[in-house]
Amino acid sequence: MCGIAGIINLDLEPLDVDFLSRMSAAVKHRGPDGEGALLLSSLTSHENPRRALFRGPFWAGTLREDPSHFNIGFAHQRLSILDLSERGRQPMSDEEESLWIVHNGEVYNYIEIRKELIAKGYRFRSNTDTEVILYAYKEWGQDCLNKFNGMWAFAIWDCSKKHLFCSRDRFGVKPFYYYFDHEIFIFASEIKQILEYKKYQKKPNDQRIFDYLAIGLEDHTRETFFMNIYQLKGGEWGLLDYEKNEFRIDRFYDLSPLQGKYRRNSDYDEEFKTLFYDAVNMRLRSDVPVGSCLSGGLDSSSVVCAISEIFKSKNIYHKTETFTACWENENINERPYAEQVIAHTGSNGNFVFPTAEELRTDLAKLIWHQEEPFGSLSIYAQWSVMKKARDRGVPVLLDGQGGDEVFLGYERYYAWFLMELLKSVQYRKFWHELISGTRNSKLNVLEMVEYYVYFNSPRIRAFFLNRKSQSFMNNQFQHKYDMRDSLKEFKKIKNLFGLQKMEIQEIQLSHLLKYADRNSMAFAIETRLPFLDYRLVEFACSLPSGYKIHDGWTKNVIREGMKGVIPEEIRKRKEKIGFEVPQKKLMESLLPKLEAHPGNENLVGPYINWRWYLKKIQDNDFEGSPIWKAFCLKRWLETFFS
């Protein structure tokens, strides 16, 4: 887990070495265990290269050669997880130095791929997954991506072809940002690195701000909140052809409703358990301590209990460190459930109790690390958990994120499932599930209908969203964009799988993964997500809807597959909380102090109804999401544009 950066000057201008150094320093938090850089010239071949390789801090003054000799540079900040020796340093090359890589992430099945490559005659100098990626690319080209099981963002420079091959993992767990104007190509792990480019004209992306304020969409396109800074989406690769001066993007992975190979329910349960345990087991591969987040919900509890079972099967007597955010005297406090799992598994529980005063202290850092506006303060609970893990010296955490999207945990899925039954004329099953759903989920019948209409009719959704945003958005800005254009992607949804696919690949999981990446890497923590093992995701897509949601229970296959493994009270939990926070109370304590003298109307006024904002602050009225989004946008603009 690391921070990567790269600059390719396509106009043959000399490399700005100080710029590369600033890019690397901006993400030192992602990789505090080491750093390295590589300078290359595109005018030489790999047979006769001109290069300068650094294995530590660097700046222009340390160059023994004229900086004008180089027009390509890569930098790397290292968080050591596998092969802690110097052999794991990056940038890394093959033996001939014809290929160079910078990589952020983990390919969990690197051991199996390594054996396959050794059988083909490849020799390895390290025990890292990075070197496996490099030789896999050398052997299979872009098809190597289909072999990887993990999370990654990497760039490989091919000296002979003068190509830069970039990729992001299937679901976008690890970030990859870029800027390209045909004179320079810049890539990075975080947006703030690209902002170090002195020629970049910083400007907010108004369309993305509109989507955030009016609809609550984030991270749903290649565009970011910064104009002309883009990202590869999950499941994509990019190829920079130096000679042709073009950057081409293609998708290497896409979800489809696969045909299941089993028919009996018990077969589904057994297959889930087998795949899930293997996904967890693979993510325990590490040369440093591994712990787990634990909210007390179904997903994180399943992860912690699976770790315990795997250790028992290997006769490993080790207490897993678990980390839980708690809120005393709040109905969102999940400590009692987490304690059940800790007692059940013999884990060592670590509880963190975030406060409004701590949030006030951390808020500026939180916004700086997140880089883009975010929808609620719920991510602060996750931030606090990561801070605690770093204090405890646990740099790797497994997490239950992805379980809701993959196995249909949100209530809105239930509404679509019922409509799917009606459309397929399964009236008897429809009534059974409707009655069971009102008993085993938080929704009543009216709420189910509202969910379906809301998602199934972009026109109706646009009408209600427009009315909702009239009070708090700048009137001129609100009418600058057509909300129906922002919602047009929802027209593609035809069934339950269509909604699930969109939420996994486009509109839901992407921003949650971004939050998790920034929160964890702010404290140099690597988070691993067993529920996003692509084999498990594909298995979930192969299941019939009537087994993913069954007898009124969402995530039915997890509940059945983990029977006897997790505490029964947790297995049958109806309500989902996760890392939630008492947002209204926090804002009541936080905003009046922070906004005693609001100011900066010129920055946020073009987007927000300033009078409305001042009135909310004056009245200490912080109910609902609009006030948070207005405040967060304001603070983001102040952080990056003032």
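The values are calculated or read from the model by the stated rules, or taken from the named source; none is laboratory data. Everything numeric here is computed off the predicted structure, so don't read it as measured data. Methodologically, a virtual Cβ is constructed for each residue, glycine included, from the backbone with ideal geometry; neighbour enumeration extends over all protein chains shown.
Restricting attention to segment 314-337, the residues that are under 23 Å from Gly561 (Cβ atoms) and either at pLDDT 95 or above or among the β-branched types (Val, Ile, Thr) (or both) total 3. Tell me, yes or no, whether segment 234-241 has at least one residue that is charged (D, E, K, R) and part of a loop (DSSP other than H, G, I, E, B). Scanning segment 234-241, I find no residue that is charged (D, E, K, R) and part of a loop (DSSP other than H, G, I, E, B), so the answer is no. The set of residues in segment 596-642 that are within 18 Å of Gln470 (Cα to Cα) and assigned to a loop (DSSP other than H, G, I, E, B) comprises Gly605, Pro606, Tyr607, Asn609, Asp621, Phe622, Glu623, Gly624.
Considering only residues in segment 270-313 that are of a type in the set (Lys, Arg) and surrounded by fewer than 24 Cβ atoms within 10 Å (Cβ to Cβ), the one that is nearest to Ile566 (Cα to Cα) turns out to be Lys273. When segment 79-92 is filtered for residues that are within 14 Å of Leu38 (Cα to Cα) and either in a strand (DSSP E or B) or of a type in the set (S, T, N, Q) (or both), the ones remaining, listed by number, are Gln90, Met92.
Let's see how each residue does on (1) in contact (Cβ under 8 Å) with a residue 40 or more places away in the chain; (2) in the same structural domain as Ala279 (by TED's automatic domain parsing); (3) out of contact with any Asp or Glu (no Cβ under 8 Å at 6 or more places or on another chain); (4) not hydrophobic (A, V, I, L, M, F, W, C):
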| site | (1), (2), (3), (4) |
| --- | --- |
| Ser68 | yes, no, yes, yes |
| Gln90 | yes, no, yes, yes |
| Glu96 | yes, no, yes, yes |
| Arg123 | no, no, no, yes |
| Asn127 | yes, no, no, yes |
| Thr130 | yes, no, yes, yes |
| Ile133 | no, no, yes, no |
| Leu145 | yes, no, yes, no |
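The number of residues in segment 607-641 that are farther than 30 Å from Tyr197 by Cβ and not acidic (Asp, Glu) comes to 17.
Just for segment 580-603: of the residues that are within 20 Å of Glu638 (Cβ to Cβ) and among the small types (Gly, Ala, Ser), which one is surrounded by the fewest Cβ atoms within 10 Å (Cβ to Cβ)?
The selected residue is Ala596.
Scanning segment 291-344 for residues that are assigned to a loop (DSSP other than H, G, I, E, B), closer than 22 Å to Lys572 by Cα and either of a type in the set (A, V, I, L, M) or not assigned by TED's automatic domain parsing to the domain that holds Ile525 (or both) yields a count of 2. Identify all residues within segment 322-338 that are buried (at least 18 other Cβ atoms within 10 Å of the Cβ) and without any contact (Cβ under 8 Å) to a residue 24 or more places away in the chain; write none if there are none. Selection gives Asn333 alone. Considering segment 482-539, and only residues there that are at pLDDT 90 or above and among the small types (Gly, Ala, Ser), the residue that is surrounded by the fewest Cβ atoms within 10 Å (Cβ to Cβ) turns out to be Gly498. Looking at this structure, is Tyr451 of a type in the set (Phe, Trp, Tyr) and surrounded by fewer than 19 Cβ atoms within 10 Å (Cβ to Cβ)? Answer is no for this residue. Checked against the criterion of being in contact (Cβ under 8 Å) with a residue 40 or more places away in the chain and either among the small types (Gly, Ala, Ser) or touching a His at 6+ places or on another chain (Cβ under 9 Å) (or both), segment 340-347 has at least one qualifying residue. Listed conditions (1) in contact with a helix residue (DSSP H, G or I) (Cβ under 6 Å, 6 or more places away or on another chain); (2) within 30 Å of Glu433 (Cβ to Cβ) are all met by Ile608, apart from (2). Ile229 - would you say it is outside the structural domain of Asn519 (by TED's automatic domain parsing) and touching a strand residue (DSSP E or B) at 6+ places or on another chain (Cβ under 8 Å)? For Ile229, the condition - outside the structural domain of Asn519 (by TED's automatic domain parsing) and touching a strand residue (DSSP E or B) at 6+ places or on another chain (Cβ under 8 Å) - is met. Identify, please: which residue in segment 400-419 is among the acidic types (Asp, Glu) and at pLDDT 90 or above and is, among those, farthest from Asn440 (Cα to Cα)? Among those that are among the acidic types (Asp, Glu) and at pLDDT 90 or above, it is Glu405.
What are the residues in segment 122-148 that are outside any helix (DSSP H, G or I), surrounded by fewer than 22 Cβ atoms within 10 Å (Cβ to Cβ) and among the hydrophobic types (A, V, I, L, M, F, W, C), if any?
The one that is outside any helix (DSSP H, G or I), surrounded by fewer than 22 Cβ atoms within 10 Å (Cβ to Cβ) and among the hydrophobic types (A, V, I, L, M, F, W, C): Phe124.
Is at least one residue of segment 252-262 crowded, with 19+ Cβ neighbours inside 10 Å, within 30 Å of Asn350 (Cβ to Cβ) and touching a residue at least 60 places away in the same chain (Cβ under 8 Å)?
Pass one, segment 252-262, residues crowded, with 19+ Cβ neighbours inside 10 Å: 255.
Then drop every residue that is not within 30 Å of Asn350 (Cβ to Cβ), which leaves none.
For segment 252-262, residues crowded, with 19+ Cβ neighbours inside 10 Å, within 30 Å of Asn350 (Cβ to Cβ) and touching a residue at least 60 places away in the same chain (Cβ under 8 Å): absent.
Just the residues that are of a type in the set (Asp, Glu), within 24 Å of Arg439 (Cα to Cα) and over 26 Å from the mean Cα position of the chain (by Cα), please, taken from segment 556-589. Result: Glu560, Glu568, Glu569.
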